[in-house]
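Novice: Could you have a look at this structure, given as structure tokens, before my questions?
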Amino acid sequence: MRKREITSKEITESVFARIDQVESKVRAYLSLTDERAYTQADRADKAIQSSKEDFPYLLGIPVAIKDNMCTEGVRVTCASKILQGFIAPYNAKVINRLEENGYVHTGMTNMDEFAMGSSTENSSCQVTKNPWDINRVPGGSSGGSVAAVTADECIAALGSDTGGSIRQPAALCGVVGLKPTYGRVSRYGLVAFASSLDQIGPITKDVTDCAIMLNVISCHDPKDSTSVDLPVPDYTRELGRDIKGMKLGIPGEYFISGMEPSVEKRVREAIRTYENLGAVIVDIALPHTEYAVAAYYIIATAEASSNLARYDGVKYGYRIKDAGDLLEMYMKTRDEGFGPEVKRRIMLGTYVLSAGYYDAYYRKAQQVRTLIKGDFDKAFESVDAILTPTSPTAAFRVGEKTQDPLQMYLSDIFTISVNLAGIPGISIPCGFTESGLPVGLQILGKHFDEEKILQAAYAYEQATEWHKKKPDID
Ligand code: GLN
């Protein structure tokens with residue numbers, strides 16, 4: 001586009017042509033906004049024609065958005081029946097940032113209902129398929145955004161990550177996904193799941209695109225009280241800088257029995273690649289890791305039960321007809337509007353917050369959270385970044401874990417601690433299992449040290465070819 005060799009309209013057309021071609025198999029989108037996209041593309045092309053100077057990186061670039069970020073005038077459902085018919089009356093901060101940079105909005109992508117899940121199978125609308133094998137899940141909860149990037153149904157996407165929902169599906173589909181530090185990106189206009197954990201982040205085809213997207217969405221926003229007022233560096237700046245001497249920690253707790261052997265093999269090979277690039281590999285300990293899943297499912301469900309109390313049939317979306325009185329309307333609306341996983345979490349969350357149980361569960365979990373954060377603080381005294389697998393397995397079959405919530409929860413065993421500690425993490429492709437499914441490498445950094453993990457990710461990407469591999473969907 002800079003060389004005036006292609007227009008935004010042509011890129012947009014090619015993306016929608018690809019959607020026409022593969023979407024019936026992949027099912028990444030819940031709604032398409034082609035009219036809006038072509039208007040934005042047209043505007044971008046005019047701006048490019050008339051500008052003599054540089055234009056913003058994202059100008060005219062088609063981006064897909066997870067269906068939990070408010071986009072004015074667009075249907076936002078969180079893949080839940082309870083938000084049926086809800087049209088967002090305002091833009092999330094991230095959408096404003098994308099608009100200021102001239103993006104093209106392709107549509108809203110599928111997800112687990114209210115972002116609760118690891119496979120998109122908890123969507124009340126449809127199951128998204130993994131483009132590498134359409135009998136398998138893409139991971140979740142940002143499975144739609146990740147599948148859309150993987151299948152070339154957009155150029156980049158936004159997802160949200162509360163316990164792994166950007167990184168785990170990115171790993172399962174072989175693309176790049178980054179969860180920024182808590183507070184780096186505004187959550188204003190993101191439908192809340194667990195407010196002390198939720199963070200929006202980019203999903204892209206490579207590390208450079210990831211850095212560009214992060215440049216666009218990072219900012220201080222007074223409308224989100226947890227947004228931090230720190231300068232935003234140019235995240236592309238450190239890409240390409242030598243990683244010789246960079247200290248990378250390997251936590252023994254992240255190489256567990258029960259892990260898929262070929263996943264471990266690929267991650268160990270990636271660690272060797274880092275050694276060959278001159279990084280210094282250091283064994284570290286994160287001793288409270290084993291309590292992370294338990295603590296997360298107390299804290300996340302507690303916050304969810306509170307956040308989801310607002311869906312009572314009065315202000316948003318779905319309301320049952322013919323209720324006898326107000327209480328019956330509330331109860332029946334919630335009974336019909338929420339799916340089984342969301343109900344399970346509301347019940348769990350209400351329980352752990354209730355009088356008599358609060359101290360035993362909720363307070364205890366918060367104390368464990370502090371210990372987990374302490375583990376990372378201590379580790380980062382001696383290393384620059386940490387390498388782990390992103391997920392203990394490659395993509396599993398559709399239906400394989402739906403009957404066993406605990407098995408599903410364990411898909412996030414390597415990603416959850418990162419949200420509890422608030423640190424940034426990225427997943428990048430690091431090869432394939434014997435059956436040809438992508439494997440992800442996770443790189444973790446100190447609070448607000450996204451630059452370091454992007455630098456490390458880029459060095460690996462340049463030394464390998466994994467990010468160039470494409471699934472054959474046809
Ligand atoms: N899979 C985890 C859960 O179900 C994380 C989801 C997320 O990050 N939104 O809660």
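The values are calculated or read from the model by the stated rules, or taken from the named source; none is laboratory data. Keep in mind that this is a model prediction, so the values were computed, not measured. For neighbour counting, all protein chains shown are included, and Cβ atoms are generated from backbone atoms with ideal geometry for every residue, glycine included.
Novice: Select, from Arg43, Arg27, the only residue that is more than 30 Å from Trp132 (Cβ to Cβ) and of a type in the set (D, E, K, R).
Specialist: On the way: Arg27 fails: more than 30 Å from Trp132 (Cβ to Cβ).
Exactly one of Arg43, Arg27 is more than 30 Å from Trp132 (Cβ to Cβ) and of a type in the set (D, E, K, R), namely Arg43.
Novice: Has region 190-199 got any residue that is outside any loop (DSSP other than H, G, I, E, B), touching a strand residue (DSSP E or B) at 6+ places or on another chain (Cβ under 8 Å) and within 22 Å of Ala456 (Cβ to Cβ)?
Specialist: Initial filter on region 190-199 (outside any loop (DSSP other than H, G, I, E, B)): 190, 199.
Of the ones still in play, those that are also touching a strand residue (DSSP E or B) at 6+ places or on another chain (Cβ under 8 Å) are 190, 199.
If we keep only those that are within 22 Å of Ala456 (Cβ to Cβ) as well, we get 199.
Yes, region 190-199 contains a residue that is outside any loop (DSSP other than H, G, I, E, B), touching a strand residue (DSSP E or B) at 6+ places or on another chain (Cβ under 8 Å) and within 22 Å of Ala456 (Cβ to Cβ).
Novice: Restricting the search to region 316-331, which residues are within 11 Å of Ile82 (Cα to Cα) and either out of contact with any Gly (no Cβ under 6 Å at 6 or more places or on another chain) or part of a helix (DSSP H, G or I) (or both)? Talk me through it step by step, then tell me what you get.
Specialist: From region 316-331, those within 11 Å of Ile82 (Cα to Cα) are 316-320; that's our starting set.
Of everything in region 316-331, those that are within 11 Å of Ile82 (Cα to Cα) and either out of contact with any Gly (no Cβ under 6 Å at 6 or more places or on another chain) or part of a helix (DSSP H, G or I) (or both) turn out to be Tyr316, Ile320.
Novice: Taking only pairs six or more apart or across chains, which ones have beta-carbon atoms under 7 Å, a first residue in region 162-175 that is assigned to a loop (DSSP other than H, G, I, E, B), and a second residue that is modelled with pLDDT under 95?
Specialist: Gly163/Asp412; Gly164/Asp412
Novice: Has region 170-181 got any residue that is among the hydroxyl-bearing types (Ser, Thr, Tyr), surrounded by fewer than 24 Cβ atoms within 10 Å (Cβ to Cβ) and under 20 Å from Leu454 (Cβ atoms)? If you could, list the steps in order and put the result at the bottom.
Specialist: At the first step, the residues of region 170-181 found to be among the hydroxyl-bearing types (Ser, Thr, Tyr) are 181.
Filter once more, keeping what is surrounded by fewer than 24 Cβ atoms within 10 Å (Cβ to Cβ): 181.
Remaining after also requiring under 20 Å from Leu454 (Cβ atoms): 181.
Checked against the condition, which is being among the hydroxyl-bearing types (Ser, Thr, Tyr), surrounded by fewer than 24 Cβ atoms within 10 Å (Cβ to Cβ) and under 20 Å from Leu454 (Cβ atoms), region 170-181 yields at least one hit.
Novice: Being within 22 Å of Met408 (Cα to Cα) and basic (Lys, Arg) is the filter here, so list the residues in region 331-350 that pass it.
Specialist: Step one: filter region 331-350 for residues within 22 Å of Met408 (Cα to Cα), giving 338-350.
Residues satisfying the conditions are Lys343, Arg344, Arg345.
Novice: To continue, here is another question. Here is a list: Ala79, Ala115, Ala156. Which entry is of a type in the set (Gly, Ala, Ser) and away from the ligand (no atom under 13 Å from the Cβ)?
Specialist: Selected residue: Ala156, the only one of Ala79, Ala115, Ala156 that is of a type in the set (Gly, Ala, Ser) and away from the ligand (no atom under 13 Å from the Cβ).
Novice: Of the numbered conditions (1) in contact (Cβ under 8 Å) with a residue 24 or more places away in the chain; (2) assigned to a helix (DSSP H, G or I), Ser391 satisfies every one except a single condition; which is it?
Specialist: (2)
Novice: Still on this model: Name the pairs: first residue in region 189-202 and in contact (Cβ under 8 Å) with a residue 40 or more places away in the chain and at positive phi, second residue of a type in the set (Lys, Arg) and not in a strand (DSSP E or B), Cβ to Cβ under 7 Å, at least 6 apart or on different chains?
Specialist: Cβ pairs passing all conditions: Gly189/Lys93.
Novice: Now for a different question. Within the set of pairs 6+ apart or on separate chains, which have a first residue in region 329-341 that is loosely packed, with under 14 Cβ neighbours inside 10 Å, a second that is outside any helix (DSSP H, G or I), and C-beta atoms under 7 Å apart?
Specialist: Partner pairs satisfying both residue conditions: Glu336/Ile320.
Novice: Check off (1) crowded, with 19+ Cβ neighbours inside 10 Å; (2) over 19 Å from Gly159 (Cα atoms) for Ile95 and give me the number that stays unchecked.
Specialist: (2)
Conditions (1) closer than 19 Å to Cys78 by Cβ; (2) buried (at least 21 other Cβ atoms within 10 Å of the Cβ); (3) free of Cβ contacts under 8 Å to residues at least 12 places away in the same chain, marked per residue:
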site	(1), (2), (3)
Glu269	no, no, no
Gly278	no, no, no
Asp283	no, no, no
Val293	no, no, no
Tyr297	no, yes, no
Ala300	yes, yes, no
Lys315	yes, no, yes
Asp322	no, no, yes
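Novice: Residues of region 398-413 being under 10 Å from Val293 (Cα atoms) and part of a loop (DSSP other than H, G, I, E, B), which ones?
Specialist: Correct list: Ile413 only.
Novice: Does any residue of region 406-416 turn out to be buried (at least 24 other Cβ atoms within 10 Å of the Cβ), within 30 Å of Asp335 (Cβ to Cβ) and of a type outside the set (Ser, Thr, Tyr)?
Specialist: Within region 406-416, one or more residues are buried (at least 24 other Cβ atoms within 10 Å of the Cβ), within 30 Å of Asp335 (Cβ to Cβ) and of a type outside the set (Ser, Thr, Tyr).
Novice: Here's something else I'd like to know. Report, ordered by the first and then the second residue, all pairs with beta carbons closer than 6 Å, sequence separation of six or more or different chains, a first member in region 349-360 that is within 17 Å of Ala194 (Cα to Cα), and a second member that is at pLDDT 95 or above and among the hydrophobic types (A, V, I, L, M, F, W, C).
Specialist: The qualifying pairs are Gly349/Ala302; Gly349/Ala304; Val352/Ile298; Val352/Ala302; Leu353/Ala302.
Novice: Could you pull out the residue among Phe114, Phe86 that is out of contact with any His (no Cβ under 7 Å at 6 or more places or on another chain), buried (at least 24 other Cβ atoms within 10 Å of the Cβ), among the aromatic types (Phe, Trp, Tyr) and in contact (Cβ under 8 Å) with a residue 40 or more places away in the chain?
Specialist: Numbers: Phe86 fails: buried (at least 24 other Cβ atoms within 10 Å of the Cβ).
On inspection, the qualifying residue turns out to be Phe114.
Novice: Listed residues Phe86, Phe55; which is out of contact with any Ser or Thr (no Cβ under 9 Å at 6 or more places or on another chain) and hydrophobic (A, V, I, L, M, F, W, C)? Can you show your working first?
Specialist: Numbers: Phe86 fails: out of contact with any Ser or Thr (no Cβ under 9 Å at 6 or more places or on another chain).
Result of the check over Phe86, Phe55: Phe55.
Novice: Could you tell me which residue of region 10-69 is surrounded by the fewest Cβ atoms within 10 Å (Cβ to Cβ), considering only residues that are β-branched (Val, Ile, Thr) and closer than 16 Å to Ile95 by Cβ?
Specialist: Keep residues of region 10-69 that are β-branched (Val, Ile, Thr), which gives 11-12, 15, 19, 22, 26, 33, 39, 48, 61, 63, 65.
In the following step, the residues that additionally are closer than 16 Å to Ile95 by Cβ were identified as 33, 39, 61, 63, 65.
Values: Thr33: 21, Thr39: 13, Ile61: 27, Val63: 29, Ile65: 29.
Among them, the one singled out is Thr39.
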